[in-house]
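Heads up, the thing below is written out as structure tokens.
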Amino acid sequence: MPLRLHYNLEKLSMGLVVGIIVAASIGGIVEIAPLFTIDETVAVPEDLRPHTPLELAGREIYMREGCYACHSQMIRSLADEIDRYGPYSRAGESAFDHPMLWGSKRTGPDLARVGGKYTDAWHVRHLIDPRAVVPASIMPSYPWLTRPLETGLLGEQLATLARLGVPYDADMVGQAAADALSQSRPDSAGAPDVQARYGEGVALRAFDGDPSRLTEMDAVVAYLQSLGTLTNVAHAEARQ
Amino acid sequence: MSGEHPREVDPVTGYDTTGHDWNGIRELNTPFPRFVLWILAATVVYSVVAWILLPAWPTGRDYTRGLLGLDQGAAAVAGLQALDGERQGWLDHFDPADFAALSADTALLDVAMPAAARLFGDNCAACHGAGGVGGPGFPVLADATWLWGGDPETVAETIRVGINADHPDTRVAQMPTFEWLTRDERLALADWVATLREGTAAADAPAATLFADNCAACHGEAAEGNMMNGAPSLIDRAVIYGQDPATIAETLRHGRQGVMPTWSGRLSEAEINLLALYVTRLGEGGQ
């Protein structure tokens, strides 16, 4: 009987169109509707800090180079993953990430908590030539990351993210380019301001080993070293 | 339009045709296979059952939790506890660790060392190489020469606090820059230091005086190294960066401060002790 109905519907082009729209919108609504309540369902951890401008620049390069194609930033809620990488990723940990970079494909290891695992020097060598430190690595080399970092658009980028709800204030937006430079120069006059704005936990270092230049390498390594350190919520929940 | 066509049955397959005629071509109206329809119906039934049993519908702030009350996060943590439970039998022996007793317990080592090798692969091999073979800037762990000491207790402490690391009690190893020496002095000194390991360094060379005045305080009178401040021996085969004149000149010009991260936040005390025992056994060819 229902088959007969379908048989007849198929022959009415307008009826078929309406039927398709109804069926597709049910599927759409089921997927989209929960997103309208996302602000309530995903609690933003109280201690979550936004990325500094330098880390944000690194994040852009991470996306530009397609690192996400091989690296996820999401520790799944599976026993063996927690065992290897640490507490599984909470949604709130990436509340300020637009877009999030969870990813699902892993050719290399998950990077959600890689911050602090290795040294800056290791990251620099690894990115320039992975095989210099991990002989069997199949990760591509990124030698061009040693070129100077373009910071002109950082202020506007922070302003854009602020409109999406990331707590960047006018001061942070105005000083974005200066903060990016200061974070890589621990001895500069502006360095304490970066920590004042973004928190004591922010690392102030010449990430590429050379404080005289601000390079894309500085940005990428600063970003990698920040992964998993922006909030302590996952570790706190795991201890309970 | 429908229904009015006379039924046309295809003589070969016995199926109806659609009744249309496209320039003499007619299309079969092959019925959808029955068993696929049953599978479709079964998936619909399954989804209804799943809605009832499993977490499913969002309800604003919350969601329907389902009769089974499953929670993936809790399940994962329970799974981890089960893993830990399995390991406890042997891992418990590593905190606190009595290394002498542990080294003698071959049954325990048979279980523990493969686990240690995996832990080393996940956390240490990226720098120290597979099996601790080392590389430029990262010392070999699979040998009998040490910067800070090679007994398991000392190695465990190195892993715990790191070297020049982000830990309040970190070990500090600083090779200062000797940029203030003239370039010629540095090069002569580099050449001279490079010959130390061959035992051919002339004791009356000007470089020897430079060494005694500037280097011996840390590296020792005979350049034998000092495990109190992490200054390596310059007379043995083991190197961190390299013992050729060019690399030594580089070391003298810019100084060195290798960083070994601290692991006390990332690994448990038992895991650190486990790795310490593993590392000290690397040099003995035992795992």
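Across the alpha-carbon atoms of region A:53-239, the computed radius of gyration and Dmax are 16.2, 47 angstrom.
How many angstrom lie between the Cα centre of region A:70-140 and the Cα centre of region B:66-103? The two parts, judged by their Cα centres, are 24 Å apart.
At a probe radius of 1.4 angstrom, the accessible area of region A:109-192 per residue rounds to 49 square angstrom.
Can you compute the equivalent ellipsoid semi-axes for region A:182-240, i.e. the square root of 5 times each eigenvalue of the Cα gyration tensor, sorted largest first and rounded to whole Å?
Values: eigenvalues 131, 40, 9 Å².
After scaling each eigenvalue by five and taking roots: 26, 14, 7 Å.
So in the protein assembly as shown, what percent of DSSP beta bridges are antiparallel if you round to the nearest 5?
Details: 11 of 12 bridges.
Roughly 90 percent of the beta bridges in the protein assembly as shown run antiparallel, per DSSP.
What stretch of chain B, leaving out the sites themselves, is the longest with no trypsin sites (Lys or Arg not before Pro) in a DSSP loop having at most 15 other Cβ atoms within 10 Å? Answer from the scan: B:66-236. Solvent-accessible surface of chain B, taken per residue with a 1.4 Å probe and all protein chains present: 58 Å².
For chain B, the share of DSSP beta bridges that are antiparallel, to the nearest 5, is 90%. Rg and Dmax, both from the Cα atoms of chain B and both in Å, are 35.2, 117. The residue among A:Ala238, A:Ala57, A:Met139 whose Cα reaches farthest toward the positive pole of the charge dipole of region A:53-239, with charges on the beta-carbon of Lys, Arg, Asp and Glu, is A:Met139. Summing Cβ point charges (Lys, Arg +1; Asp, Glu -1) relative to the Cα centre of region B:72-159 gives a dipole of roughly 340 debye. Scanning residues 5 or more positions from B:Arg256 or on other chains, those with amide H under 5 Å from its amide H are B:Met175, with H placed 1.01 Å from N in the peptide plane. Taking chymotrypsin sites (Phe, Trp or Tyr not before Pro) across region B:98-198, the ones in a DSSP loop with at most 12 further Cβ atoms lying within 10 angstrom of their Cβ are B:Trp180.
With a simple spin-label model that places each label point 7 Å from the Cα along the Cα-to-Cβ direction, the separation between A:Val42 and A:Ser13 comes to 4.3 nm. Inter-chain neighbour count for B:72-80: the average number of beta-carbon atoms from partner chains within 10 Å of each residue's beta-carbon is 6. With unit charges on the beta carbon (Lys/Arg positive, Asp/Glu negative), name the residue among A:Ala170, A:Leu78, A:Gln157 whose Cα is farthest towards the positive pole of the charge dipole of region A:78-206. Among A:Ala170, A:Leu78, A:Gln157, the one farthest towards the positive end of the dipole of region A:78-206 is A:Leu78.
Can you list which of the GluC sites (Glu not before Pro) found in region B:1-99 are DSSP loop residues with at most 11 other C-beta atoms within 10 Å? Let's see the in-between values first.
On the way: sites: B:Glu4, B:Glu8, B:Glu27, B:Glu86; in loops: B:Glu4, B:Glu8, B:Glu27.
Here the sparse-neighbourhood loop sites are B:Glu4.
Checking every one of the GluC sites (Glu not before Pro) in region B:140-203 against DSSP loop status and a limit of 13 other Cβ atoms within 10 Å picks out B:Glu179, B:Glu198. Shown in residue order for region B:90-106 are the 3J(HN,Hα) couplings computed by the Karplus curve 6.51 cos²θ - 1.76 cosθ + 1.60 at θ = phi - 60°: 10, 5, 4, 5, 9, 8, x, 9, 9, 4, 4, 5, 5, 5, 8, 8, 5 Hz (x for Gly and Pro). Couplings 3J(HN,Hα) for region A:9-25, derived from phi with the Karplus relation 6.51 cos²θ - 1.76 cosθ + 1.60 (θ = phi - 60°), are 4, 4, 8, 9, 4, 5, x, 5, 4, 4, x, 5, 4, 4, 5, 5, 6 Hz, where x marks Gly and Pro. Measuring heavy-atom accessible area with a 1.4 angstrom probe and counting protein chains only, the residues of region B:119-141 that give up at least 20 Å² relative to the chain alone are B:Asp122, B:Asn123, B:Ala126, B:Cys127, B:Pro136, B:Phe138.
Specify whether the C-alpha gyration tensor of region B:183-254 places it in the rounded, prolate or oblate class, a ≥ b ≥ c being the square roots of the eigenvalues: rounded for a/c under 1.5, otherwise prolate if a/b is larger than b/c and oblate if not. Verdict is rounded for region B:183-254. Close amide-amide hydrogen proximity is noted between B:Asn226 and B:Ala231, B:Ser233, each under 5 Å apart and 5 or more residues distant or on a separate chain (H modeled in the peptide plane; Pro and chain starts excluded).
The interface between chain A and chain B buries about 2400 Å² of solvent-accessible area in total (1.4 Å probe, ligands and nucleic acids excluded).
If only the Cβ of Lys and Arg carry +1 and only the Cβ of Asp and Glu carry -1, the dipole of the protein assembly as shown around its Cα centre is close to 1360 debye.
Would you compute, from DSSP H runs of 4+ residues alone, the mean residue ellipticity of chain A at 222 nm, taking -39500 (n - 2.57) per run and dividing by the full residue count, rounded to the nearest 500? Spell out each step's value before the answer.
On the way: 12 runs with 109 residues, N = 240.
Rounded to the nearest 500, it is -13000 deg cm²/dmol.
For the protein assembly as shown, the Kirkwood estimate of the hydrodynamic radius, built from every pair of different alpha carbons, is 28.3 Å. Under 5 Å between amide hydrogens, built in the peptide plane, is the criterion, and for A:Thr215 it picks out A:Leu149 among residues at least 5 positions away or on other chains.
Modelled spin labels at A:His6 and A:Trp144, positioned 7 Å past Cα toward Cβ, are 5.2 nm from each other.
The Cα atoms of region B:102-210 cover 57, 34, 23 Å along the three principal axes, with the biggest extent listed first.
When the Gaussian network model of chain B links Cα atoms closer than 10 Å, the mean-square fluctuations of B:Thr170, B:Thr59, B:Thr251 top out at B:Thr59. Quick check on region A:27-90: take the gyration tensor over C-alpha atoms, sort the square-rooted eigenvalues as a ≥ b ≥ c, and tell me if it's rounded (a/c under 1.5), prolate or oblate. Here region A:27-90 falls in the rounded category. Taking every residue in A:113-122 and counting other chain Cβ atoms within 10 Å of its Cβ, the average works out to 4.
Relative contact order for chain B: 21 percent, from Cα pairs under 8 Å spaced at least 6 residues apart, divided by residue count. Along chain A, counting only GluC sites (Glu not before Pro) with a DSSP assignment other than H, G, I, E or B and at most 10 other Cβ atoms inside a 10 Å radius, the longest segment between sites is A:47-199.
The values are calculated or read from the model by the stated rules, or taken from the named source; none is laboratory data. Note that the structure is a prediction, hence the values are computed from the model and not measured. Ideal geometry is used to build each Cβ from the backbone, glycine not excepted, and the neighbour counts take in all protein chains shown. Accessible surface areas use protein heavy atoms only, side chains included; no ligands, DNA or RNA. Shrake-Rupley method; radii C 1.70, N 1.55, O 1.52, S 1.80 Å.
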